[in-house]
1. Considering Thr17, Thr24, which residue is touching a Phe, Trp or Tyr at 6+ places or on another chain (Cβ under 9 Å) and of a type in the set (S, T, N, Q)?
2. If a residue must be closer than 23 Å to Gly231 by Cα and aliphatic (A, V, I, L, M), how many such residues does the stretch 92-119 contain?
3. Might you check whether a residue that is among the aromatic types (Phe, Trp, Tyr), modelled with pLDDT of 95 or more and crowded, with 19+ Cβ neighbours inside 10 Å occurs anywhere in the stretch 195-214?
4. On the given criteria, is Ala161 in contact with a Phe, Trp or Tyr (Cβ under 7 Å, 6 or more places away or on another chain) and either farther than 21 Å from His227 by Cα or of a type outside the set (Phe, Trp, Tyr) (or both)?
5. Just checking, does the stretch 106-117 include any residue being closer than 30 Å to Ala182 by Cβ, out of contact with any Phe, Trp or Tyr (no Cβ under 7 Å at 6 or more places or on another chain) and either modelled with pLDDT of 95 or more or not in a loop (DSSP other than H, G, I, E, B) (or both)?
6. Just for the stretch 166-189: of the residues that are of a type in the set (Ser, Thr, Tyr) and more than 19 Å from Leu30 (Cβ to Cβ), which one is surrounded by the fewest Cβ atoms within 10 Å (Cβ to Cβ)?
7. Residues to consider are Ala114, Ala106; find the one that is surrounded by 18 or more Cβ atoms within 10 Å (Cβ to Cβ) and of a type in the set (Gly, Ala, Ser).
Amino acid sequence: MPITAAITALQAEIQQTATASGRTADAVTLVAVSKTQPLEAIIAAYDAGLRHFGENRADELANKAAALSHLPDIHWHFIGRLQTRQSLAVAQYATSFHAVDRRKIAQRLAQQCAQLNRVLPIFLQVNISGEASKTGFICDNWENDKTQQNNLLAVIDEITALDNVQIFGLMTMAPANASNAAATAVFSRTRALAEWLTKARPSVNFSALSMGMSGDFMPAIEQGATHVRIGSKLFRQS
Ligand SMILES: *Cc1c(COP(=O)(O)O)cnc(C)c1O
């Protein structure tokens, strides 16, 4: 399938899923995960109307964003684990960072964004499933575990005190190959956590939810995803 057809088909599925859950398609930002894809593939997707792209390596982000900086209104989302020593590319080029998984990376980005005179929107990555292979703040029993709650609130208070990064939501991943029901549970618990945090910290914005990938974007949208991160379904369909 050419990329234009894949985009059209995916947008129709997003629209249907959003509508069926009482939401509108424009409440869901499609982040096309272009990691490992060549510039030509990104340009083809851009020409087909996409404006949001996701990368998970800082050097790759820097190279691609610099090479495509002539494209109006193109947005880069950094979605992977970020090493502190590679954070400058994200501070320079990313529209948002989806994977804040520790204080230190937020502090580092805030320093660099201060020098660049910008504010970087960030998602806190939360590990809801408890899988050891997943990064993110451990929230696998946040509903009952006061220590998990207090740890997360303490991080949020520290990050909120930083001037040049701004929390605007949570990011999560369901286990790979999870059943629809298991993925739904992870996404629903993430949304509930965002609602709980909004009550606990009313001055912080937790309205964005980055959740859902090629295999599970439908349950994610049903549970309130505002950003879906989709790679293989767009770029690697056979
Ligand atoms: C690669 C990646 C995606 C996209 O995964 P697909 O299954 O290819 O859609 C989404 N989120 C993160 C964090 C990724 O690393």
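The values are calculated or read from the model by the stated rules, or taken from the named source; none is laboratory data. Predicted model, so just to flag it, every value in this text is computed and none were measured. Every residue, glycine among them, receives a Cβ derived from its backbone with ideal geometry; neighbour counts consider all protein chains shown.
1. Working: Thr24 fails: touching a Phe, Trp or Tyr at 6+ places or on another chain (Cβ under 9 Å).
Only one candidate qualifies: Thr17.
2. Qualifying residue count, the stretch 92-119: 3.
3. Kept after step one, since they are among the aromatic types (Phe, Trp, Tyr), are these residues of the stretch 195-214: 196, 206.
Retained after the next criterion (residues that are modelled with pLDDT of 95 or more): 196, 206.
Next, only the ones that are crowded, with 19+ Cβ neighbours inside 10 Å stay: 206.
Yes - at least one qualifying residue is present in the stretch 195-214.
4. Numbers: in contact with a Phe, Trp or Tyr (Cβ under 7 Å, 6 or more places away or on another chain): no; either farther than 21 Å from His227 by Cα or of a type outside the set (Phe, Trp, Tyr) (or both): yes.
Taking the combined requirement at face value, the residue does not satisfy it.
5. In the first step, residues of the stretch 106-117 are kept if they are closer than 30 Å to Ala182 by Cβ; the result is 106.
Right, trim to out of contact with any Phe, Trp or Tyr (no Cβ under 7 Å at 6 or more places or on another chain) and you get 106.
Applying the additional criterion that residues be either modelled with pLDDT of 95 or more or not in a loop (DSSP other than H, G, I, E, B) (or both) yields 106.
Scanning the stretch 106-117 turns up at least one residue that is closer than 30 Å to Ala182 by Cβ, out of contact with any Phe, Trp or Tyr (no Cβ under 7 Å at 6 or more places or on another chain) and either modelled with pLDDT of 95 or more or not in a loop (DSSP other than H, G, I, E, B) (or both).
6. Per the criteria, the residue is Ser179.
7. Values: Ala114 fails: surrounded by 18 or more Cβ atoms within 10 Å (Cβ to Cβ).
Among Ala114, Ala106, only Ala106 is surrounded by 18 or more Cβ atoms within 10 Å (Cβ to Cβ) and of a type in the set (Gly, Ala, Ser).
Yes or no, residue by residue, for (1) more than 13 Å from the ligand (Cβ to nearest atom); (2) at pLDDT 95 or above; (3) surrounded by fewer than 18 Cβ atoms within 10 Å (Cβ to Cβ):
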{"position": "Glu40", "(1), (2), (3)": "yes, yes, yes"}
{"position": "Tyr46", "(1), (2), (3)": "yes, yes, no"}
{"position": "Glu55", "(1), (2), (3)": "no, yes, no"}
{"position": "Ala65", "(1), (2), (3)": "yes, yes, no"}
{"position": "Trp76", "(1), (2), (3)": "yes, yes, no"}
{"position": "Gly80", "(1), (2), (3)": "no, yes, no"}
{"position": "Thr84", "(1), (2), (3)": "yes, yes, yes"}
